[in-house]
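Below is one structure, written out as structure tokens; comments come after it.
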Amino acid sequence: GQSPPPIPPSSMPAMVSALRVQRRPLALALGLVGALSLSASRLAFTTPGLGHRSLSSASRRLVVRHAEGGGHGVPKGSAVSQENMDPEIRAFREHQKNAPRLSFAEEARTLVDSTVSGVMSTISSRPGLEGFPAGSVVFFASDEQGRPIFSFSSMSGHTADLKKNEKASLTIMAPGFAGPADARLSLIGTCAPVPEAERDAVKAVYKVKHPNSFWTDFGDFTWYRCEVMAASLVGGFARAGGVTGEEYSASKADPVAPFSMNVAEHMNDDHGSSVLAIVKSSTGLKTGLVGAKMLNLDRLGMNVLVEREDKPEGTEEATKQSFKVRVPWLSPAESRKDIKERIVELSKAAREA
């Protein structure tokens, strides 16, 4: 198979150039070898994460994109522009700032749990290319601690690389990844063969995700497992940060994720007007909203892509903007039954508003 389109490092300066500088370096891990050192602003949140030099001791940061000129050139009338002082827009931004979300560690574990393949970066051992980064599309499963498990052929280049240097990263993208607004994650750590005493248990975990992986029984295939030292998550625009290895292993995947897409598709196909009404009622953003599409949901709420029309003074035609909105549940959900009840609660509140 072919790897999904990579996120070009050249795009990162544009993604962060709109940030107000706080003179504190932030490392955004883009792969195995090195990170892009940036200066970023903290608008509202501070959270632990991946630092510039030491993975074990540096502080963690949540980077919130500040759309105030430059960068993506967000129009002043946009609901996400800090220059928009409309009372409704200001109230909406405050709502979004305080809306409950999964922690970075939970989101990372959920992304790993919902994905079956990614790009592994190793340090090349190929003659003439020693020390250069080498990427390979790989299939994996994950154990209870979120550690990726692989079945590697002795003929694969990444297997040869790992025999000489166990340092590696695994970059994965959210199911249905379509662009920079979608989530992606890099796990950084070491990958080594699984001890013989644990191979049967590892194989059983792998077979759950890959039931037809007959090649794992071939004599030249070996079970490998990665120990995660750190993770770098980009959850889309305005959400990025780091997770320590300890936080990652201690967290759990979101219990709602396995049926998130089915619920979202049902709501979009059969109850699109209800989704739009919920967004207006829950977030207070009403003026100009013409469309809403549920993207995914978790135990704390749902993410919705909205379309908003804006007609600045002095212009003849309205412009349309699309952006993500966070809609929290009235109380956490742990099951599919809970999710149905939470959606019904928000729909009722929207009708009564």
Using a ≥ b ≥ c from the Cα gyration tensor of segment 246-351 (square roots of the eigenvalues), is it rounded, prolate or oblate, where a/c under 1.5 gives rounded and otherwise the larger of a/b and b/c decides, a/b for prolate? prolate
Scalar couplings 3J(HN,Hα) for segment 297-312 by Karplus 6.51 cos²θ - 1.76 cosθ + 1.60 (θ = phi - 60°), nearest whole Hz, x for Gly and Pro, are 9, 9, 5, 9, x, 10, 10, 10, 8, 10, 10, 10, 9, 9, 10, x
Find the accessible area per residue for segment 202-353; the probe is 1.4 Å, ligands and nucleic acids are left out, and the unit is Å². 51 Å²
Give me, ordered by chain and number, the residues 5 or more places off Val194 or on other chains with an amide H under 5 Å from its own placed amide H. Trp223, Tyr224, Arg225
Extension gain from Lys164 to Phe132, taking 0.36 nm per residue of separation minus the Cα-Cα distance: 10.2 nm
Explain nothing, just the number: dipole magnitude of segment 232-353 about its Cα centre with +1 on each Lys and Arg Cβ and -1 on each Asp and Glu Cβ, in debye rounded to the nearest 20. 220 debye
Fraction in percent of alpha-carbon pairs per bin - 5 Å, segment 77-170: 2, 12, 16, 13, 10, 9, 8, 8, 8, 7, 5, 2, 0
Please work out the Cα center distance from segment 154-213 to segment 132-148, rounded to the nearest Å. 2 Å
Per 0.36 nm of contour for each residue apart, how much would the distance between Ser154 and Lys286 grow if the chain were fully extended, relative to their Cα-Cα spacing? 41.7 nm
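In segment 102-139, which GluC sites (Glu not before Pro) are in a loop and have at most 16 other Cβ atoms within 10 Å, using DSSP for the loop call?
In loop regions of segment 102-139 (DSSP not H, G, I, E or B), the sparsely surrounded GluC sites (Glu not before Pro) are Glu130.
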Past the 30 Å Cα-Cα mark, which pairs from Lys97/Lys207; Lys252/Lys280; Lys207/Lys252; Lys97/Lys167? Lys97/Lys207; Lys252/Lys280; Lys97/Lys167
Which of the trypsin sites (Lys or Arg not before Pro) found in segment 218-259 are in a DSSP loop and have at most 14 neighbouring Cβ atoms, other than their own, within 10 Å? Lys252
Mind checking the full-extension length gain between Ser103 and Ala197? Use 0.36 nm per residue of separation minus the Cα-Cα distance, one decimal, nm. 30.4 nm
Give the shape of segment 121-224 as rounded, prolate or oblate, defined through the alpha-carbon gyration tensor: a ≥ b ≥ c are the square roots of its eigenvalues, a/c under 1.5 means rounded, and otherwise the shape is prolate if a/b is larger than b/c and oblate if not. oblate
Quick one: if you stick a label point 7 Å off each Cα along the C-beta vector at Thr190 and Glu316, how many nm between them? 6.8 nm
Heads up, I need the accessible area for Thr216: 1.4 angstrom probe, whole protein in place, Å², nearest 10. 10 Å²
In what order, largest first, do Phe214, Phe237, Phe177, Phe323 sit by accessible area if the probe radius is 1.4 Å? Phe214, Phe237, Phe177, Phe323
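The values are calculated or read from the model by the stated rules, or taken from the named source; none is laboratory data. Quick caveat: nothing in here was measured; it's all calculated off a predicted structure. Virtual Cβ from ideal backbone geometry, glycine too; neighbours counted across all protein chains shown. The area values use the complete protein model at the heavy-atom level, side chains included, leaving out ligands, DNA and RNA. Shrake-Rupley method; radii C 1.70, N 1.55, O 1.52, S 1.80 Å.
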